[in-house]
Amino acid sequence: MVDIGARDFVLGVVGAGAMGSGIAQVALTGGLAVRLTDADAAQLEKARTALFRRLDRLAEKGEAKPDQVAAAKARLTLVAEVGDLAPCGVVIEAIVERLDVKRTLFRALEAVLTEDAIIASNTSSIPIAAIAQACRVRGRIAGMHFFNPVPLMRLVEIIAAADTDAPVVEALAALGRRMGRTPVTAKDAPGFLVNLGGRAYYQEALHLLQESVASPEDIDLVMRDCCHFRMGPFELMDLTGMDVNYPVGEIVHKGYWYDPRLKSTPLHESLYLAGRYGRKTGQGFYRYDAEGRKIAAPAPRPATAAPARVILPQPVEGLVALAVAAGVETHAPDDGASPILVAPWGEDCTAIALRLGLDARRTVAIDLAHDTSKRVTLMTAPGADPAAAEAAAALIAAAGRAVTRIKDSPGFIAQRITAMIANLGAEMAQMGLASPGDIDQAMQLGLNYPQGPLALADRLGIVRTYEIMCRLYETIGSDRYRPSLWLRRRALLNLPAATPA
Ligand code: NAI
């Protein structure tokens, strides 16, 4: 087996585009000798110039010493042909995303490399097994999936196909660490880990929009302020671009045999078909000005005066705290006139008002599931007295929080999206795509999630997460919301979400 730590170890990289040049860069800064090639000689030269400029910038910023940068540059060799990769112990392919072209390249590599050399593909969407099928020796073929931009994204997914030998996976993980990345090991399944797990965030937001629960702005604000995501789902889709996230979503949905958990919505497709890709085209879910700045929607008008009193049919601590902060009196018995505040889990306002026998016209549901120190979400049932929602909004404003008002929805915005993220992460663990720890790490590093999906289930409370999923499933009636068996069993037993099977 190839020795990554050997003095004469050389890494080969085929394809000097966005990914290949980033892969070469982190290999060089990790101390490795690299041979880089590309079918397009001009592109190869361009890649070297850009790569050297990035290395120089590291020295300018004090992130590397000038002699380290000089040594890194000296370890790069540009080569014209695949035949020149013969001394490489590992070759990473980062060429065009086409199965036929990759297969031809893999066959050519097989012909020149030594028997123990490893060949890895950086493909995002092609099954590794489909590439390996072109090769004579398949045990040494694996996926090594980096994220864009490579120097900034620490994660690398090591993909083991059906025929990949275990020591090959270990060697590639060691190589990833040598390149300063954090490797996670995953099965050869559609979207691997990150491109599968990321679906829940985008797509549940799209379903909330489809149900007219809230606008993209409101959903993004809630996910940032209450759940601490660095970017809201719509901002993120506009940043990656519909030309990327729509086709990836289609591949993953089809790959899992059209599991409704992974389906998108017509609006997503129509933006894609219309070429409204997001920032890069100036229009997506948002519009952008000539400098690429988001054109902001007008801020909602401030709420009116807070009510003198609210009714709390259940003594929920978070609701009492909000009322106290706003200087509003709370009462348990209904006075027949004041707004009634409730804090449901997974239920919509309609359902909780009926279940508790409340006057639905005056009932206002408030989401206490996540951080409410900056922003609080409220919703009312159809036919509600607008004055009740106005009064509750005024109370929240008087308590010093921003208010997001949405249409009735089981699980509001935040409970619903986070429970769906947790549920998909649990299902990934159930399918054994990776260890629970690797699933969490992949989502945190690959998607900048504040926490991995299983850690998120624990923070929300495993029982609560399951309860939200059960209610979503029952209320909406779609298989999209069926709770994962992994989640169900751990919730019933009250065990941490990462508890192994
Ligand atoms: P790119 O278009 O920037 O670069 C591809 C390079 O490969 C080009 O320079 C091209 O001249 C070269 N090339 C094409 N066919 C070749 C061949 N037969 N032999 C040698 N060189 C050849 O593409 P990018 O974005 O770097 O993607 C490369 C691979 O990485 C694809 O498989 C893609 O799915 C995957 N990937 C891309 C990510 C991204 O965000 N761009 C993220 C993760 C994976």
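The values are calculated or read from the model by the stated rules, or taken from the named source; none is laboratory data. Every value quoted in this text rests on a predicted model; they were computed, and no experiment measured them. FYI the Cβ positions are ideal-geometry reconstructions off the backbone, even for glycines, and counts take in every protein chain you see. Heavy atoms of the whole protein, side chains included, go into the accessibility calculation; ligands, DNA and RNA do not. Shrake-Rupley method; radii C 1.70, N 1.55, O 1.52, S 1.80 Å.
For the chain, the longest principal axis of the alpha carbon atoms and the long axis of helix 414-430 meet at an angle near 40°. Could you tell me which of rounded, prolate or oblate describes region 360-425, using a ≥ b ≥ c as the square roots of the eigenvalues of the alpha-carbon gyration tensor, with rounded for a/c under 1.5 and, failing that, prolate when a/b is larger than b/c and oblate otherwise? Oblate is the answer for region 360-425, as a/c is 1.5 or above yet b/c matches or exceeds a/b. Using a/c under 1.5 as the rounded threshold, could you call region 189-326 rounded, prolate or oblate? The axes a ≥ b ≥ c are square roots of the C-alpha gyration tensor eigenvalues, and prolate needs a/b larger than b/c, oblate otherwise. Since a/c reaches 1.5 but b/c is at least a/b, the shape of region 189-326 is classed as oblate. From the Cα gyration tensor of region 309-406, with a ≥ b ≥ c the square roots of its eigenvalues, which class applies: rounded if a/c is under 1.5, or else prolate if a/b is larger than b/c, or else oblate? The shape class here is rounded.
Taking the Cα centre of the chain as the origin, how large is its charge dipole in debye, to the nearest 20, when only Lys and Arg (+1) and Asp and Glu (-1) carry charge on their Cβ atoms?
520 debye
About its Cα centre, the dipole of region 242-338 is roughly 520 debye, where the only charges are +1 on Lys and Arg Cβ and -1 on Asp and Glu Cβ.
A DSSP coil position with no more than 12 other Cβ atoms inside 10 Å describes the following chymotrypsin sites (Phe, Trp or Tyr not before Pro) in region 253-316: W257, Y258.
Between the residues I476, Q430, Q451, the greatest Cα displacement towards the positive end of the dipole of region 396-498, with unit charges on the Cβ of Lys, Arg, Asp and Glu, is found for I476. Looking at the chain, the accessible area is 42 square angstrom per residue; that uses a 1.4 Å probe and ignores ligands, DNA and RNA. When the charge dipole of the chain is built from unit charges on Cβ atoms (+1 for Lys and Arg, -1 for Asp and Glu) and taken about the Cα centre, the candidate among G461, P183, A337 whose Cα reaches farthest toward its positive end is P183. Magnitude of the charge dipole for region 74-162, about its Cα centre and with charges confined to Cβ atoms of Lys, Arg (+1) and Asp, Glu (-1), is about 140 debye.
Note on the chain: helix-only mean residue ellipticity at 222 nm, from DSSP H runs of 4+ residues weighted -39500 (n - 2.57) and normalised by residue number, equals -13000 deg cm²/dmol.
Once the Cβ-Cβ distance of Q210 and E317 is raised to the sixth power relative to R0 = 35 Å, the FRET efficiency obtained is 0.55.
Remark on region 10-188: hydrodynamic radius 16.0 angstrom, per the Kirkwood mean of 1/r across alpha carbon pairs. For the chain, give the percent of accessible area contributed by carbon and sulfur heavy atoms, probe 1.4 Å, rounded to a whole number. Of all accessible area on the chain, carbon and sulfur atoms account for 54 percent. Partners of K65 within straight-line reach, counting lysines whose Cα lies under 20 Å from its Cα and excluding those fewer than 8 residues away in the same chain: K73.
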